[in-house]
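Report on one structure; see the data block that follows.
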Amino acid sequence: MITISDIAKKAGVAKSTVSRYLNGGCVSQETRKKIDKVVKETGYVPNPFARSLKAKRTYMIGVIIPRLNSPSTNKVLTGMDTTCREKGYQWIITNSNQDQNREIENLYTLAKQKVDGIILLPKKISSKHEKAFEEISTPILVLGQRSKNIPSIIYSDYKAGKTIGEYALKLGHRSFLYVSVSEEDIAVGKERKKGFLDAVKKFPETKIKIITTDFQMDAAYKTALKTLSHLKASFIACATDTIALAFLKAAHQLNIPIPEFISLTGFGGYDTLSFVSPSITTIAYPYYEVGKLAVQQLDRIIQGFKVPNLVEMPHQLIIKESTKSIL
């Protein structure tokens, strides 16, 4: 078993220096690089229990997720896991099932369990959330939504919606259906929709119909069956890839060819979109990188360093087979 002494010997530094490095203490950049290299080469993972006794920390991070069956959340968690292992953290995952009261309850519960920090993926930030943030002394990072007082990492949802809208116009489409989710989810239900509408409304002859459905595929599929049977739009923009998949299935069920009759897009960049026919044009977000960054930022907050109050992550338009030009 690799020990701190082994790491110190291989890196050519004192054992106390490795200890400071592991506990977030002051170590020069050059020395940190040496130890980083040895840690990666040896696969050394610090003992969280021993570290917690010495540093009065638990080396535990709490993560509150919105639901268990979200492909985007799963990718974020994969990124978090990678960085947690690199930095010697264990973690606790709690599910809120998109219930605000459960989110608040989980915040207080994790704080009582003395985790070093909490990463929250909320449906929205309410006054109850802000009150909890004030009352909890545990460092908190918000992911996916914007908080006034807590460091947040968000996706470029408004810009992404605008990108899809501009792409649709470029293909010659002027009649649209936008399939949204509840505006309670500011990022997905409001920002994406606003970006799309701001883009397509540039043309006075544009026709837009907006409907609202659920994140769950079953509910979205039922909505699609009702909507597609009398649809007049030539372009459908769905607020998530899950909804887009539901509409694709319904279109097949109703013998509506895509993209020959209707173009279809989503948001998310899920891997499954490449394994359906036609593959679906979408907006991809760097979920894995977001997960890694979230743990890195929270780790810095835990150590007492300042981090940006707001970080906006980029997006990318991925053009597949479900859209076509009508020019």
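For the reader, a short list of remarks on this structure follows.
- Loop sites in the range 231-325: chymotrypsin sites (Phe, Trp or Tyr not before Pro), DSSP, at most 16 other Cβ within 10 Å: F261, F305
- Angstrom value of the Kirkwood radius, inverse mean 1/r, which spans all Cα pairs in the range 210-317: 15.7
- Cβ-placed point charges (K, R +1; D, E -1), dipole of the range 143-245 about Cα centre in debye, nearest 20: 440
- The angle separating the long axis of helix 241-253 from the principal Cα axis of greatest extent in the chain is about 30 degrees.
- With contacts taken as Cα pairs under 8 Å and at least 6 residues apart, the range 226-327 reaches a relative contact order of 29 percent.
- Per-residue ellipticity at 222 nm from helix content only, as computed over the chain with -39500 (n - 2.57) for each DSSP H run of at least four residues, stands at -13500 deg cm²/dmol.
- Accessible surface computed residue by residue for the chain, with neighbouring protein chains in place and a 1.4 Å probe, gives 49 Å² per residue.
- Helix 157-170 and the longest principal axis of the Cα set of the chain meet at an angle near 30°.
- Residue among Q216, Q253, Q98 with the largest mean-square fluctuation in a Gaussian network model of the chain, springs linking Cα atoms under 10 Å: Q253
- Stretch gain in nm, segment H252-T42, where the contour uses 0.36 nm per residue and the Cα spacing is subtracted: 70.4 nm
- Binning the alpha carbon pair distances of the range 82-139 at 5 angstrom intervals from zero yields the distribution 4, 17, 30, 24, 15, 8, 3, expressed in whole percent.
- Estimated translational D of the chain in µm²/s (Stokes, Kirkwood radius over Cα pairs; 20 °C; 1.002 mPa s): 99
- Net charge of the neighbourhood of T212, taken over other residues with C-beta under 12 Å away and scored Lys/Arg +1, Asp/Glu -1, is -1.
- The chain: angle of helix 29-42 to the longest principal axis, Cα-based, in degrees nearest 10: 80
The values are calculated or read from the model by the stated rules, or taken from the named source; none is laboratory data. If you're wondering where the values come from, they're calculated on a predicted model, not measured in any experiment. Positions of Cβ are backbone-derived with ideal geometry, glycine not excepted, and every protein chain shown enters the neighbour counts. Areas reflect the complete protein model, heavy atoms only, side chains present, ligands, DNA and RNA absent. Shrake-Rupley method; radii C 1.70, N 1.55, O 1.52, S 1.80 Å.
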